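Here the structure is laid out as structure tokens; the discussion comes afterwards.
Please treat every number below as a calculation from the coordinates, not as lab data. Here the structure is a predicted model, which is why all the values come from computation and not from measurement. Cβ: placed from backbone, ideal geometry, glycine included. Neighbour counts: every protein chain shown.
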Amino acid sequence: MPNRQDSLVESGETRHITAALTRSSAGTEDLRQLEAGLDSLQSDAARKARIDWSRILLPGAAIVVLIIFWQLYVSMGFKRQDLVPGPLDVVAQFGHLWAEGKLQEAVWTSLQRGLVGFLISVAIATPVGLLLAQVAPLRRAFGPLISGLQVLPSVAWVPAAIIWFGLTDATVYFVVFLGAIPSIINGLISGVDQIPPQYRSVGTVLGASRLQMALQIVLPAALPGYLGGLKQGWAFSWRSLMAAEIIAVGGTIGFGLGSLLDQGRVLSDMTVVMAAILLILAVGILIELLVFGPIEKRLLRRRGLLAGSTR
Amino acid sequence: MPVVLENLGKRFGEGAPVLDDVNATIGPGEFVALLGASGCGKSTLLNIMAGLEAPTSGALEVPSDGAAFMFQDAALFPWLTARENIELALRLRGVGKAERRVEADELLELVHLGGAGDKRPHELSGGMRQRVALARSLAQDRQLLLMDEPFAALDAITRDLLHDELERIWKETGRTIVFVTHNVREAVRLGQRVLLLSSRPGRVVREWHVSEEHRTDAGLAGQLTGEITARLREEIRRHAK
């Protein structure tokens with residue numbers, strides 16, 4: 001059955017050629033100009049970044065609405081005021097704690113411990129995670145254990161830690177490590193799993209050694225997943241820290257936010273309890289807004305992954 | 001001879017061979033188009049030449065320093081700028097820091113992207129990305145350049161221009177190029193020699209020489225394209241049962 005291409009051979013005609021079969025540009029300069037024209041046609045014009053006020057106003061409005069509801073509920077008087085204090089009572093307690101210097105001490109102690117514990121966890125978890133992700137037998141052996149550790153609430157380690165280390169900072173850090181390290185390792189491993197296989201092929205073709213592959217290709221490629229792991233690792237270390245501080249009070253353990261919360265409970269002072277809870281929450285939100293948010297946004301924007309997201 | 005393939009065979013596991021008894025010789029500075037229908041093992045053959053896969057039988061001779069490779073999608077690293085992508089190839093080759101910058105800029109200039117060095121891959125068009133990938137593979141500084149359907153995903157206008165561009169760069173740099181494609185026109189446009197690979201198993205069944213006249217005479221090129229297409233279709237028809 002003769003088709004178009006076959007008849008082309010027989011008649012030797014060239015009328016139906018759809019793509020250029022011969023040189024289509026006249027010399028290097030012409031080619032350079034054509035390419036430059038096409039490049040500018042196919043590239044987006046750079047968009048200018050503006051401050052988007054809705055990012056600040058909307059969350060602000062949400063908080064105001066919640067506080068109004070809180071105040072309304074308290075004003076209706078279903079419960080005794082000392083059991084459910086209103087926003088104004090809690091604000092007064094903040095002022096009190098500030099004047100006593102307790103607020104500053106508690107935030108500083110906890111934040112410092114949380115950050116130090118988190119940074120040490122990162123330093124331990126990163127090489128271990130990279131090793132597990134790159135060496136299959138190790139991953140098979142330890143992968144399930146590490147996933148399991150992530151599921152185990154790190155508070156479960158508090159009694160053991162108190163028996164081993166007593167009421168010292170070591171107890172607090174031990175619990176923080178067991179909370180943060182597994183989730184950072186898992187984040188890094190899942191980040192590595194999502195790397196397009198082609199990146200490794202490119203690395204091989206470019207002649208990367210095992211170490212170069214791990215540090216210059218795998219680690220940067222896995223950065224979005226790794227960052228997710230870091231965020232979760234921070235959340236876990238902050239939670240574990242609070243749990244440890246609430247349970248382990250006294251000894252040489254300093255006065256942190258968890259201790260403040262526990263003190264409020266002992267004194268049956270609901271305003272102190274509420275103030276401590278709000279401070280724990282505020283520190284978490286501030287770290288997200290000031291540290292992880294900007295890093296993540298920058299990372300995604302640089303890789304062109306931000307378009308169309310609701311961030 | 002940069003590349004000699006002797007009775008090369010490849011099978012995955014216990015399945016039917018993908019490549020069987022492939023014989024070819026590619027001379028220094030030659031531009032060879034490797035043509036075949038889908039599933040004929042062209043990419044496998046290229047991967048074997050690149051050392052990404054091992055053959056199961058036969059022998060092959062490739063340059064001892066390996067080959068540069070260009071993939072179908074640009075496969076640029078999204079966390080690096082265009083220049084940094086090229087610099088990474090230079091760095092993995094062991095080029096010093098000061099020279100890297102100079103050499104990367106020269107390579108960008110060679111692919112006519114002098115002004116786009118600081119852009120990130122997602123800010124570049126498909127054609128620009130492929131040119132950065134070409135510059136990166138040239139940064140490897142290997143005599144042999146293997147290309148796996150590098151222009152298959154581009155629009156026709158861009159592809160025509162990149163054909164001119166690749167021909168120009170090939171002439172300027174004197175590389176030996178093996179170019180895999182399933183596009184007969186592309187094979188005729190670029191190759192000095194077109195090798196047709198049969199499908200299942202892949203084997204070199206026919207080869208054509210493309211002369212300098214074919215580059216300028218559209219009639220002659222069209223005739224050759226028709227002839228190769230007819231032979232390719234014959235090969236495809238064999239599989240209709």
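Structural remarks
- Relative contact order [Cα under 8 Å, 6+ residues apart], chain A, whole percent: 20
- Global form of the protein assembly as shown, assessed from the alpha-carbon gyration tensor, a/c cut-off 1.5: prolate
- Each other residue within a Cβ distance under 14 Å of A:S147 adds +1 if Lys or Arg and -1 if Asp or Glu, for a net charge of +1.
- Each Lys and Arg contributes +1 and each Asp and Glu -1, all at the Cβ; summed about the Cα centre of the stretch A:167-296, the dipole is approximately 400 debye.
- Global dimensions of the stretch A:242-284 from alpha-carbon coordinates: Rg and Dmax equal 9.8, 27 Å.
- Only the Cβ atoms of Lys and Arg (+1) and of Asp and Glu (-1) were treated as charged; on that basis the dipole of the protein assembly as shown about its Cα centre amounts to roughly 1060 debye.
- Range of Cα positions in the stretch B:139-241 per principal axis (Å), largest first: 47, 32, 26
- Between helix B:218-237 and chain B: long-axis angle, C-alpha atoms, 0 to 90°, nearest 10: 60
- With K and R counted +1 and D and E -1, the other residues having a Cβ less than 15 Å from that of B:V205 yield a net charge of +3.
- Values of log10 I(q)/I(0), in the order q = 0.15, 0.18, 0.27 Å⁻¹, for the stretch B:10-75 under a Debye, Cα-only, solvent-free model: -0.54, -0.78, -1.58
- Given +1 at the Cβ of Lys and Arg, -1 at the Cβ of Asp and Glu and no other charges, the dipole of the stretch A:65-163 around its Cα centre is 400 debye to the nearest 20.
- With the convex hull of its Cα atoms as the shape, the stretch A:160-202 has an orientation-averaged projected area of 3.9 nm².
- Helix B:126-139 axis, angle to chain B major axis (alpha carbon atoms, nearest 10°): 80
- Our coupling estimate for the stretch B:93-103, obtained by passing each phi through the Karplus curve with A = 6.51, B = -1.76, C = 1.60 and θ = phi - 60°, is 7, x, 7, x, 4, 5, 5, 3, 4, 4, 5 Hz, Gly and Pro reported as x.
- Residue by residue, the stretch B:42-49 carries 3J(HN,Hα) couplings of 4, 5, 4, 4, 5, 4, 5, 4 Hz when phi is fed to the Karplus relation 6.51 cos²θ - 1.76 cosθ + 1.60 (θ = phi - 60°); x denotes Gly or Pro.
- Long-range Cα-Cα pairs in chain B (distance over 25 Å), rounded percent: 43
- Taking B:S125, A:S43, A:S259, A:S209 and counting other C-beta atoms within 10 Å, the order from fewest to most: A:S209, A:S43, B:S125, A:S259
- Taking amide H positions as modeled 1.01 Å from N, with prolines and chain starts lacking one, the residues under 5 Å from B:F69 and 5 or more places away or on another chain are B:L146.
- Taking a ≥ b ≥ c as the square roots of the eigenvalues of the Cα gyration tensor, chain A is prolate, since a/c reaches 1.5 or more and a/b is larger than b/c.
- For chain A, the membrane-span-like helix rule (DSSP H, alpha carbon extent of at least 18 Å along the helix axis, mean Kyte-Doolittle at least -1.0) picks out A:27-42, A:54-76, A:87-100, A:102-134, A:136-151, A:169-193, A:223-247, A:270-287; this says nothing about an actual membrane.
- Counting beta carbons within 10 Å around each of A:F177, A:F292, B:F69 and listing the fewest first gives the order A:F292, A:F177, B:F69.
- Using a Gaussian network model of chain A in which every pair of alpha carbons under 10 angstrom is joined by a spring, one finds that among A:V90, A:V192, A:V205 the greatest mean-square fluctuation is at A:V205.
- Shown for A:V84, A:V65: other C-beta atoms within 10 Å of each C-beta, ranked fewest to most, produce the order A:V65, A:V84.
- Long pairs among A:K79/A:K102; B:K10/B:K97; B:K119/B:K171; B:K42/B:K241, criterion Cα-Cα beyond 30 Å: B:K10/B:K97
- Taking amide H as placed 1.01 Å from N in the peptide plane, B:R206 has its amide H under 5 Å from the amide H of B:L196, each at least 5 places away in sequence or on another chain.
- Net charge, A:S183 excluded, C-beta distance under 11 Å - Lys, Arg +1, Asp, Glu -1: +2
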